[in-house]
Amino acid sequence: VTVVEYSDFQCPFCAKGSKILNEIKKKYGNKVKIAFKNFPLPFHNHAQIAAEAGLCANEQGGKYFWKLHDVMFADQTKLDKNALLISAKKVGLKIDDFSKCLESKKFAPAVKKDMEQGKKVGVKSTPTFFINGQMINGAHPIETFSEIIDDQLAK
């Protein structure tokens, strides 16, 4: 079963969505694959750089993406460039590489691609999840997700 989330690091509902994803990971382990897609909303002034920061972290290893992901969602007031550099250091990233990556904006096209893909599949707000293609719009209780995941696992 694959869960795809379209999310914005500055969106308060997405912070709730990240907690739901962590619950899903704990409950289902390797039975569920989780994919994160960036969908920074234009009215969130730090969402774009935070999205790029996540991809810069991922460049140093997938575990770093998830560590930075959790830190960014834990305190959404710390998403400006300086705060992201402090967070990157805290999670163990090579700070020079991370800083150069962020400065270069090399992942801006990848973020744009996620957004275009999201719009094509009907994403209008964040968070939006797809469980094996079935859309869940918003941060619903884990039971909503479990019902669909259990149904998919039973097939």
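The values are calculated or read from the model by the stated rules, or taken from the named source; none is laboratory data. Here the structure is a predicted model, which means the values were calculated and not measured. Note that we place each Cβ from the backbone using ideal geometry, even for glycine, and neighbour counts take in every protein chain shown. When the accessible area is computed, the model is the full protein with side chains, heavy atoms only, and any ligands, DNA or RNA have been set aside. Shrake-Rupley method; radii C 1.70, N 1.55, O 1.52, S 1.80 Å.
Per-structure values
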{"read-out": "Any hit, segment 65-74, residues being more than 11 Å from the chain's Cα centre (by Cα), part of a loop (DSSP other than H, G, I, E, B), surrounded by 14 or more Cβ atoms within 10 Å (Cβ to Cβ) and modelled with pLDDT of 95 or more", "value": "no"}
{"read-out": "Criterion (touching a Pro at 6+ places or on another chain (Cβ under 6 Å) and small (Gly, Ala, Ser)) met by exactly one of Ala57, Ala47, Ala83, Ala154", "value": "Ala47"}
{"read-out": "Search result, residues across segment 23-40 that are buried (at least 16 other Cβ atoms within 10 Å of the Cβ) and in contact (Cβ under 8 Å) with a residue 40 or more places away in the chain", "value": "Ile24, Tyr28, Val32, Lys37, Asn38, Phe39, Pro40"}
{"read-out": "Subset of segment 82-96 [loosely packed, with under 14 Cβ neighbours inside 10 Å and in contact with a helix residue (DSSP H, G or I) (Cβ under 8 Å, 6 or more places away or on another chain)]", "value": "Lys89, Lys90, Ile95"}
{"read-out": "Elements of type helices (runs of 4 or more DSSP H) in segment 80-132, at least 2 residues being modelled with pLDDT of 95 or more, under 23 Å from Val32 (Cβ atoms) and under 17 Å from the mean Cα position of the chain (by Cα)", "value": "108-120"}
{"read-out": "In segment 1-22, the residues that are open to solvent by less than 10 Å² (accessible area, probe 1.4 Å), over 13 Å from His140 (Cα atoms) and either among the aliphatic types (A, V, I, L, M) or in contact with a His (Cβ under 8 Å, 6 or more places away or on another chain) (or both)", "value": "Val3, Asp8, Phe9, Cys11"}
